[in-house]
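Notes to accompany the following structure.
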Amino acid sequence: MSETWGPARKQIRVTSNGHVIPPELWDRVKPKAGSAAVIEAVPGNGATLRFVLTVVVAIAAVAAG
């Protein structure tokens, strides 16, 4: 999955329970029930916010099932 994010992955930080998850592990790490997963935008160009919002909507859609 991290490969499909292209250059934008350099502007995204993913953490699980306070531990930073490197982009190369994004497609293999699955948070356990009750754990906190946070996706943060690292300051960059204006496209970052649009990209992050797209990811959030996609995650919400999957979670809603």
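Just so you know, all these numbers are worked out from the coordinates, no wet-lab data involved. On a predicted model such as this, the values are computed, not experimentally measured, just so you know. Note: ideal-geometry Cβ built from the backbone for every residue, glycine included; neighbour counts use all protein chains shown.
Here are some notes:
- Taking amide H atoms as placed 1.01 Å from N in the peptide plane, the amide H of I21 lies under 5 Å from those of V14, T15, S16, each 5 or more residues away in sequence or on another chain.
- Distance between the modelled labels on V38 and A61, one decimal in nanometres: 2.7 nm (7 Å Cα→Cβ projection).
- A full extension of the chain between T54 and K30 corresponds to an added length of 6.7 nm, given 0.36 nm per residue minus the alpha carbon distance.
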